[in-house]
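The values are calculated or read from the model by the stated rules, or taken from the named source; none is laboratory data. Keep in mind that what you see is a predicted model, and the values were worked out from it rather than measured. Every residue, glycine as well, gets a Cβ built from its backbone with ideal geometry; the counts of neighbours run over all protein chains shown. Just the protein is used for accessible areas: all its heavy atoms, side chains included, with ligands, DNA and RNA removed. Shrake-Rupley method; radii C 1.70, N 1.55, O 1.52, S 1.80 Å.
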Amino acid sequence: MIINVGLRTDIVQHYSDWLFRRFREGFAYSRNPLFPNRLNRYELSPDKVDAVVFCSKDYSPALGRIREITDRFRTYFFYTITSYGTDLEPNIPDTEQAIETLIALSETVGKQRVAWRYDPVLITDVYTAEKHFLAFDRILRKVRAHIDRCIFSFVEMFPKLQLYVPDLVPLNLAQKRVLATEFGKIAKKYSVPVQTCGGGKDFEDCGVPACGCTTLDLLGRANGVVFRSIRHNGMKRRCRCIESRDLGWYDSCPNLCKYCNANRDRSLVADNYAAHDPASPLLIGQVRETDVILKAAQFSYLKNDGSQISFFDL
């Protein structure tokens with residue numbers, strides 16, 4: 001199975017002590033969002049976890065310790081760096097600092113395990129298409145030698161987004177294709193593979209192939225193993241990413257990015273953050289008497305039991 005660290009909240013940036021303790025102790029609990037009294041117990045051992053996928057906007061809190069995990073587990077790292085300011089990303093390091101951290105991460109874990117994400121792409125009076133093109137070019141020029149690929153996606157139009165970003169310009173498919181085409185040209189200029197997150201085949205003829213950002217093929221090549229070819233439902237609609245299990249919890253990310261739908265009720269973030277205990281097996285809060293702990297099914301996708309692949313397997 002694949003463990004994900006960062007879909008529901010930025011664990012690396014804000015809860016890294018908890019993260020390293022969970023891997024050191026070898027297990028973690030995760031609440032079921034639909035049935036909050038049900039806890040899934042995940043064994044965090046190399047024989048139970050095929051790979052650990054990280055997603056963060058700031059790896060600096062974990063850089064000095066990340067090898068505690070990478071020395072034992074197969075890994076892949078998504079680093080989100082955008083051109084937005086504090087009006088949209090109140091608690092994110094500035095772009096230049098983030099670029100320096102990405103380079104340090106790449107030098108530690110290997111560029112084949114690092115992808116740069118430029119997302120979500122949204123258009124406002126301040127963040128115009130031209131501004132995005134200039135930022136994408138500038139960042140890619142600096143990180144191109146330190147990443148495996150770059151990924152972009154368009155903002156998801158959840159119900160409260162227009163409230164948080166009043167001058168947001170809704171994009172139709174034709175407008176998205178114009179943006180995708182330019183991103184594709186810039187990535188080609190620097191010889192860096194580029195893809196969208198989701199989007200199906202909408203942008204293939206724009207020079208941006210349709211492929212999942214977290215596939216077994218990607219994880220296998222990055223870590224020198226072969227995974228079985230399996231059918232799966234993806235992480236969400238029109239998504240080709242392999243299913244993974246997240247250790248995080250919604251409404252707990254202090255980044256407070258205005259375009260993010262993982263903080264569904266922002267009024268809960270401060271309370272949830274205050275309820276965090278680095279010693280708890282849960283990211284937020286403690287195990288309650290009414291909780292039911294279930295042993296999660298952890299099936300391996302590995303084809304060759306983790307042995308190194310040969311040239312002929314590629």
Can you pull out every residue in the stretch 231-250 that is part of a loop (DSSP other than H, G, I, E, B), modelled with pLDDT of 70 or more and either closer than 23 Å to Glu43 by Cβ or open to solvent by less than 20 Å² (accessible area, probe 1.4 Å) (or both)?
Cys241, Ile242, Glu243, Ser244, Leu247, Gly248, Trp249
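Do you know which residues across the stretch 110-124 are β-branched (Val, Ile, Thr) and either over 17 Å from Tyr76 (Cβ atoms) or surrounded by fewer than 21 Cβ atoms within 10 Å (Cβ to Cβ) (or both)?
Of the residues in the stretch 110-124, the ones β-branched (Val, Ile, Thr) are 114, 121, 123-124.
Of everything in the stretch 110-124, those that are β-branched (Val, Ile, Thr) and either over 17 Å from Tyr76 (Cβ atoms) or surrounded by fewer than 21 Cβ atoms within 10 Å (Cβ to Cβ) (or both) turn out to be Val121, Ile123, Thr124.
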Across (1) under 26 Å from Thr215 (Cα atoms); (2) touching a Pro at 6+ places or on another chain (Cβ under 9 Å); (3) open to solvent by 10 Å² or more (accessible area, probe 1.4 Å), Phe152 clears everything bar (3)
Could you list, ordered by first residue, the pairs with Cβ atoms under 8 Å in which the first is in the stretch 143-169 and under 24 Å from Glu204 (Cα atoms) and the second is surrounded by fewer than 13 Cβ atoms within 10 Å (Cβ to Cβ) and of a type in the set (S, T, N, Q), at least 6 apart or interchain?
Arg144/Ser191
Which pairs have Cβ atoms under 7 Å, sit 6 or more apart or on different chains, and link a residue in the stretch 265-280 that is closer than 16 Å to Lys160 by Cα and open to solvent by 50 Å² or more (accessible area, probe 1.4 Å) to one that is modelled with pLDDT under 95 and outside any loop (DSSP other than H, G, I, E, B)?
none
Among the residues in the stretch 176-192, are any open to solvent by less than 50 Å² (accessible area, probe 1.4 Å), touching a Lys or Arg at 6+ places or on another chain (Cβ under 8 Å) and touching a residue at least 40 places away in the same chain (Cβ under 8 Å)?
yes
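Just checking, how many residues over the stretch 1-28 are over 20 Å from the mean Cα position of the chain (by Cα) and surrounded by 22 or more Cβ atoms within 10 Å (Cβ to Cβ)?
Count: 0.
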Enumerated helices (runs of 4 or more DSSP H) restricted to the stretch 47-155, each holding at least 3 residues that are over 16 Å from Ile186 (Cα atoms) and among the β-branched types (Val, Ile, Thr):
95-109
Would you mind telling me which numbered condition in (1) farther than 27 Å from Arg264 by Cα; (2) in contact with a Lys or Arg (Cβ under 9 Å, 6 or more places away or on another chain) Tyr42 fails?
(1)
Is there a residue in the stretch 7-29 that is closer than 14 Å to Lys295 by Cα, of a type in the set (D, E, K, R) and touching a Phe, Trp or Tyr at 6+ places or on another chain (Cβ under 7 Å)?
no
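Table: residues versus (1) modelled with pLDDT under 95; (2) among the basic types (Lys, Arg).
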residue: Ile3; (1), (2): no, no
residue: Leu7; (1), (2): yes, no
residue: Arg22; (1), (2): no, yes
residue: Pro46; (1), (2): no, no
residue: Arg65; (1), (2): no, yes
residue: Ile69; (1), (2): no, no
residue: Asp87; (1), (2): no, no
Which condition does Gly224 not pass, out of (1) in contact (Cβ under 8 Å) with a residue 12 or more places away in the chain; (2) over 29 Å from Asp71 (Cβ atoms), if it passes all the others?
(2)
Looking at Pro254, Pro170, which is the one that is at pLDDT 90 or above, in a loop (DSSP other than H, G, I, E, B) and open to solvent by less than 30 Å² (accessible area, probe 1.4 Å)?
Pro254
Candidate set: the stretch 29-63, residues that are among the charged types (D, E, K, R) and more than 20 Å from Asp277 (Cα to Cα); chosen: the one surrounded by the fewest Cβ atoms within 10 Å (Cβ to Cβ):
Asp47
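Across the stretch 125-142, what is the number of residues that are more than 20 Å from Tyr79 (Cα to Cα) and not hydrophobic (A, V, I, L, M, F, W, C)?
As a first pass, look at the stretch 125-142 and keep what is more than 20 Å from Tyr79 (Cα to Cα): 125-131.
Of the ones still in play, those that are also not hydrophobic (A, V, I, L, M, F, W, C) are 125, 127-128, 130-131.
Matching residues across the stretch 125-142 total 5.
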